[in-house]
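Step one of this worksheet: look at the structure below.
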Amino acid sequence: MSFKKLLMGAVYTCALSVASAAGAAELTVGFSQIGSESGWRAAETSVSKIEAEKRGIDLKIADAQQKQENQIKAIRTFIAQGVDAIFLAPVVATGWDEVLEEAKDAEIPVVLLDRTIDSKDDSLYLTAVTSDTVYEGKVAGEYLAKTVGDRDCKILELQGTVGSSPAINRKKGFDEAIAAHPNLKIVRSQTGDFTRTKGKEVMESFIKAENGGKDICAVYAHNDDMQIGAIQALKEAGLKPGKDIIMVSIDAVPDIFKAMAEGEANATVELTPNMAGPAFDAVMAFKKDGTQPPKWIQTESKVYLPDTAAAEYEARKNLGY
Amino acid sequence: MDNAEPLLLSLRGLTKTFPGVTALDGVDFDLRAGEVHALLGENGAGKSTLIKTLTGVYVRDGGSVHLQGTPIAPADTADAQRLGIGTVYQEVNLLPNLSVAENLFLGREPRRFGLRDARRTEAMARDLLVGYGLDIDVRRALGDCSVAVQQIVAIARAVDLSGKVLILDEPTASLDAGEVVTLFAIVRRLTARGIGVIFVTHFLDQVFALADRATVLRNGRLVGTREIAGSNRLDIVKMMLGRELETETMKRHRRQVVDAPPVVSARGLGRRAYVQPFDLDIRPGEAIGVAGLLGSGRTETAKLLFGIKQADRGALAVGGKPVRISSPRAAAALGFGFCPEDRKTEGIVGDLSVRENIALALQARRGWLRPLGRTESRALADRFIRALDIRTSDAEKPIRLLSGGNQQKALLARWLATEPRFLILDEPTRGIDVGAHAEIIRLIERLCDDGLALMVISSEIEEIVAYADRVVVLRDRSHVRTLEGEAVNVNDIVRAIAAEAVPGAAA
Amino acid sequence: MTSTLPGRLSFGALPQFATLAAVLLANWLVFPDFFDLRLQDGRLFGSVIDVLNRGAPVAILALGMTLVIATKGVDLSVGAVMAICGAVAATMAAADYSLVAILAAALAVGALCGLWNGFLVAVLDIQPIIATLILMVTGRGIAQLVTEGQIVTFTHEGLIAVAGSSALGLPMPVVIALVLGLALAALVRLTALGLLIESIGVNRTASTYAGVDSRSVLLATYMISGLTAAVAGVIAASDIRGADANNAGLWLELDAILAVVVGGTSLFGGRFSILLSLVGALVIQAMNTGILLSGYPPELNLIVKAVVIAAILVLQSPAAGRLFGFLRRS
């Protein structure tokens, strides 16, 4: 047990010393990251480093390997080191009050990234920077409504994993956006489990069910991976995704930009991995003259179109997605 | 005597039947307070059925059980425990990953504020074990303790839970001599406290060392109960094997054993804690009988020769050439065959057909790349079905549907198909009806006449006398005597097994 | 009654084929165009083809799984092995190796995974469910290491053709599954391997005592399972032109086990039929495709699937068999 602790300590020290190699900086920020659970998470870490460097901030990143206890230890280490601010991407929503209270007592502002916590006391953190998955769905819907115009449009929807919150919210936002346009209608909706394989399989059956695909006007996928699978299925059935069929999805991973550059997809709504940028700005403003940021900073859910696709692909392909 | 010590437990006319078998047939059994009462009998005699019926594992079909004069009918082992009857099995069934203290008080831990009070549990465990002369760290995991300590912990728990009757089911089977002495001391301490102990064992020495009385069961029936003080080993063995020494010895068909070099020749072959080193020569056309009580090392000798267990000392030569047999496969390659005692779990491959079962050993020897064709294996099976008169409606019938005798014959056929030179049969007639019994014995004689070397293990002494040219007698895992010529008779064999006052048997 | 192999099929296989027919009929009822086929670019298109094509990976997994289950074992690692082999294939394809090299490497890795499982089960005598759980859990981690945590995509013509091309109008995965199925059936039935596997599955002790080399047979069985998982993994990677270490083959080990069970091979080992396991895989995929075609809300997917499977297993249970026998007699 004590050996394990020692090892943990050593790991943290290493991680911290490596990450703090930026040198004499104005601000030092400790970032307790969840771990490398997905490509998006890896990109978030890379982007955070880039954003810190841009602002001359010394960023210390501690990888919690998906464990809350590691995150709590990391925060305590940050407090002991007297960092200027702590970023926390909480792995779970509860159980943070005690350690955040300690940070508050040490007068270190805490910013929540990407996910929020359940706590009655919202003075425990300065602000939360998160995306809004309902809004992402809404943006996708509005893009489609604008692109389609007045003609009738049969939409196929590839849902995320049944019951997951992004799937529920991205559906909700999209439905809200197209509710005002009676010419837009979702005719089939199935889950593709957020994966390419399932996206492809579901699209194959959609094509059979919808008159060989001739009546399909648009495909909305809850993430880009399913959309990439769907594009393959459509192409193999002799259809032309991106041209005859409008393809819109969410996430903005590198491969969808490749598809857009090749004219096979039309739009993707970004779930930005840049949560740290707005957080740094909020902390810097707060440190400078005590400016209180809003309790919730919503990241941009920007629509990317084929015209910038090639450049975006180049910019993103090395972020670790 | 009877009125001196009150009856603690009294079983009258206990009967238990299973489909097709009467496992207990009107058995009477008494236990006095403060006595050790040994329960003896060969495999299938009904000992474990009696224990299980007594402790509520089985529901009895007839008879009565009185504990201190009150009729009882325990619904399960926990119920039996509440009534005062605790059982300790050979395989300690406690939880090896919990500590000694936790095991002792599992399910009845002292509590404080509704939580388990570990410190008090440990103190209580220490106090309890001191009474057993055991001074160990009660926080150690039970699995880390020796089997003997585990056994004592199990006894302590059982006595603490029940406190009137303690059943020890083969408690010494995996203990060494020193541990047995310790265990016996503890048992004596318990009896001094007035606890009655039922002691199930195969070891006659231990019965004479510890028990006050012994009850012998055979085929589910009570043979009798004897005061140990007034009996000798021979009496008890006779009761167990069910032989009257006056019985006319069966006429034996004498064979002319060829004075050929031995097929199998063992010198000092043995394995630690399994079988003591032994010498053995078996010639073609010779049948060696192996006699001894259960647990005496009979089956172990067979398994050592067939490579199921590997010898760690001594030498073995087959056909004059030294060999090491590392697996049954290696043994089969040398021309050995083995029909195990436990036909169902070690012999037949139940769901496969009679044909496939007969062809299995031959197929295994040929390897998977050289399959026996369907017609070939069919012809093979049909030949043996006819030759051994295996009664089955069809060679494609799953072998598990056949009767025990026919399964045994099919297993014999499995090995005969490989044209072996040495065949080991372990209890070939067990659980087989009388008709098939005689057939198998005739078959054994025929095989010897054909020049096969045979080793036959059996509890049926008369059978051994009928076909064996020599008889090896085993006791306590060692080969104690070899009887030849005129000495091959029921009387001498039983005496050798009982091993009382048999000169030279001490080796 | 003689139960020669064809004989066994004609009697014992009735429930499996009846089940398949029933599921196909149900699909036709919820989607009347289910049996429509059209030819496009020399390749057949239609829902039935989708069933065959999408069912191919599970069918291929079920081939190896049948043998493992027949030995009274189970291989939980096949999904993870798919991910590893897919990752190896995709990574090599991205680095532009030849198709032969890619296939050789992926199959070698699959065989190695099978050998590891076989070693744990046959030599160390670990219970199969635990032994293969090890690779099931760590396998995705290994695949992540190979892909460095990314979805590796490729444009390798040769590898894309593994799932993307067609032969005799059928998608290549279907052809591969059929050829593999026939080859494996020939391997076990034309040699004594099938008998030895069944024998070990029914009673390993008795088989060993009869001189059967149980260890080698078990090793071979798990290795075959590793190889079939490798083939399925390459097909899955080829299908999406990439390797997704997190999701490739996810939960497919359960579909494969289900396919074998629906195919009538008992989890207690013993008698097995490769052909019927293929039928079992088709039943499962026909059901999946049917659900997708039906247009029911996705929340119902798992419920529909569970109800259908429960019905199938009840119909195939010995109790139901006795009931039918009784009804037929009376």
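The values are calculated or read from the model by the stated rules, or taken from the named source; none is laboratory data. No experiment lies behind these values; they were computed from the predicted model shown. Quick reminder, even Gly has a Cβ in these numbers, built from the backbone with ideal geometry, and neighbours come from all protein chains shown. Calculation scope for accessible area: heavy atoms of the full protein, side chains included, ligands and nucleic acids excluded. Shrake-Rupley method; radii C 1.70, N 1.55, O 1.52, S 1.80 Å.
Values computed for the structure shown
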read-out: Filter pass, C:ALA104 being within 30 Å of A:GLU210 (Cβ to Cβ) and either surrounded by fewer than 16 Cβ atoms within 10 Å (Cβ to Cβ) or within 14 Å of chain A (Cβ to nearest Cβ) (or both); value: no
read-out: Every residue from segment C:280-315 that is among the polar types (S, T, N, Q) and more than 13 Å from C:ALA259 (Cα to Cα); value: C:THR289, C:SER294, C:ASN301
read-out: Among the residues listed as A:GLU264, A:GLU314, the single one being over 17 Å from the mean Cα position of the chain (by Cα) and within 14 Å of another protein chain (Cβ to nearest Cβ); value: A:GLU264
read-out: Flag if C:ALA281 is over 23 Å from B:LEU352 (Cβ atoms) and under 21 Å from the mean Cα position of the chain (by Cα); value: yes
read-out: Matching residues, segment C:119-138, being over 18 Å from the mean Cα position of the chain (by Cα) and buried (at least 23 other Cβ atoms within 10 Å of the Cβ); value: C:VAL121, C:ALA122, C:ALA131
read-out: Filter result for the condition that a residue is more than 13 Å from every other protein chain (Cβ to nearest Cβ) and open to solvent by less than 10 Å² (accessible area, probe 1.4 Å), over C:ALA286, C:ALA243, C:ALA237, C:ALA281; value: C:ALA281
read-out: Among the residues listed as C:LEU302, C:LEU293, the single one being within 12 Å of another protein chain (Cβ to nearest Cβ), touching a Phe, Trp or Tyr at 6+ places or on another chain (Cβ under 6 Å), assigned to a helix (DSSP H, G or I) and over 26 Å from B:VAL349 (Cβ atoms); value: C:LEU293
read-out: Subset of segment C:150-172 [exposed (fewer than 15 other Cβ atoms within 10 Å of the Cβ), within 14 Å of another protein chain (Cβ to nearest Cβ) and assigned to a helix (DSSP H, G or I)]; value: C:ALA161
read-out: Enumeration of residues in segment C:197-234 that are away from every other protein chain (no Cβ under 11 Å) and of a type in the set (A, V, I, L, M, F, W, C); value: C:LEU218, C:LEU219, C:MET223, C:ILE224, C:LEU227, C:ALA229, C:ALA230, C:VAL231, C:ALA232, C:VAL234
read-out: Subset tally (residues that are open to solvent by less than 30 Å² (accessible area, probe 1.4 Å), under 25 Å from A:ALA209 (Cα atoms) and among the hydrophobic types (A, V, I, L, M, F, W, C)) for segment A:116-167; value: 9
read-out: Some residue of segment A:254-262 being over 28 Å from A:GLU314 (Cα atoms), out of contact with any Pro (no Cβ under 7 Å at 6 or more places or on another chain) and open to solvent by less than 10 Å² (accessible area, probe 1.4 Å); value: no
read-out: Residues of segment B:68-99 satisfying the condition of being in a strand (DSSP E or B), in contact with a strand residue (DSSP E or B) (Cβ under 9 Å, 6 or more places away or on another chain) and surrounded by fewer than 16 Cβ atoms within 10 Å (Cβ to Cβ); value: B:PRO71
read-out: Hits in segment B:148-197 - residues which are assigned to a loop (DSSP other than H, G, I, E, B), of a type in the set (Asp, Glu) and in contact with a Ser or Thr (Cβ under 9 Å, 6 or more places away or on another chain); value: B:GLU170
read-out: Residues that are at the interface with chain C (Cβ under 8 Å from one of its Cβ atoms) and either on the phi > 0 side of the Ramachandran plot or open to solvent by less than 10 Å² (accessible area, probe 1.4 Å) (or both), drawn from segment B:333-349; value: B:PHE338, B:PRO340, B:GLY347, B:ILE348, B:VAL349
read-out: Selection within segment B:43-67 - under 14 Å from B:LEU222 (Cβ atoms) and assigned to a loop (DSSP other than H, G, I, E, B); value: B:ALA45, B:GLY46
read-out: Residue in segment B:430-440 that is at pLDDT below 85, part of a loop (DSSP other than H, G, I, E, B), buried (at least 21 other Cβ atoms within 10 Å of the Cβ) and of a type outside the set (S, T, N, Q) present; value: yes
read-out: Residue ID - modelled with the lowest pLDDT, chosen from residues in segment B:366-379 that are open to solvent by 20 Å² or more (accessible area, probe 1.4 Å) and in a helix (DSSP H, G or I); value: B:ARG374
read-out: Subset of segment B:309-329 that is open to solvent by less than 40 Å² (accessible area, probe 1.4 Å) and at the interface with chain C (Cβ under 9 Å from one of its Cβ atoms) - its residue that is farthest from B:ALA413 (Cα to Cα); value: B:SER327
read-out: From the options C:ARG189, C:ARG271, residue that is among the charged types (D, E, K, R), outside any loop (DSSP other than H, G, I, E, B) and open to solvent by 10 Å² or more (accessible area, probe 1.4 Å); value: C:ARG189
read-out: Residue ranges of strands (runs of 3 or more DSSP E) in segment B:284-351 with at least 2 members in the same structural domain as B:SER459 (by TED's automatic domain parsing), of a type outside the set (Gly, Ala, Ser) and over 24 Å from the mean Cα position of the chain (by Cα); value: B:313-318, B:321-323
read-out: Selection within segment B:352-365 - surrounded by 21 or more Cβ atoms within 10 Å (Cβ to Cβ), within 8 Å of another protein chain (Cβ to nearest Cβ) and not small (Gly, Ala, Ser); value: B:LEU352, B:GLU356, B:LEU360, B:GLN363
read-out: Contacts under 6 angstrom Cβ, first residue in segment C:265-285 being more than 20 Å from C:LEU193 (Cβ to Cβ), partner of a type in the set (Asp, Glu), 6 or more apart; value: C:ILE284/C:ASP255
read-out: Matching residues, segment C:192-219, being touching a residue at least 60 places away in the same chain (Cβ under 8 Å), open to solvent by 40 Å² or more (accessible area, probe 1.4 Å) and either aliphatic (A, V, I, L, M) or outside any helix (DSSP H, G or I) (or both); value: C:LEU219
read-out: Top-ranked residue in segment A:182-219 [being in contact (Cβ under 8 Å) with a residue 60 or more places away in the chain and surrounded by fewer than 23 Cβ atoms within 10 Å (Cβ to Cβ); ranked as nearest to the other protein chains (Cβ to nearest Cβ)]; value: A:ASP215
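One line per residue, one yes/no per condition, for (1) free of Cβ contacts under 8 Å to residues at least 24 places away in the same chain; (2) more than 26 Å from C:ALA243 (Cα to Cα); (3) within 14 Å of another protein chain (Cβ to nearest Cβ):
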| site | (1), (2), (3) |
| --- | --- |
| A:MET247 | no, no, no |
| A:PRO254 | no, no, yes |
| A:THR291 | yes, yes, no |
| A:PRO294 | no, yes, no |
| A:THR299 | no, yes, no |
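Residues are listed down the side, and each one gets a yes or a no for (1) of a type outside the set (Lys, Arg); (2) surrounded by fewer than 17 Cβ atoms within 10 Å (Cβ to Cβ); (3) within 23 Å of B:ILE152 (Cβ to Cβ); (4) in the same structural domain as B:ASP117 (by TED's automatic domain parsing):
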| site | (1), (2), (3), (4) |
| --- | --- |
| B:VAL21 | yes, yes, no, yes |
| B:VAL27 | yes, no, no, yes |
| B:ALA45 | yes, no, no, yes |
| B:LYS52 | no, no, no, yes |
| B:ALA101 | yes, no, yes, yes |
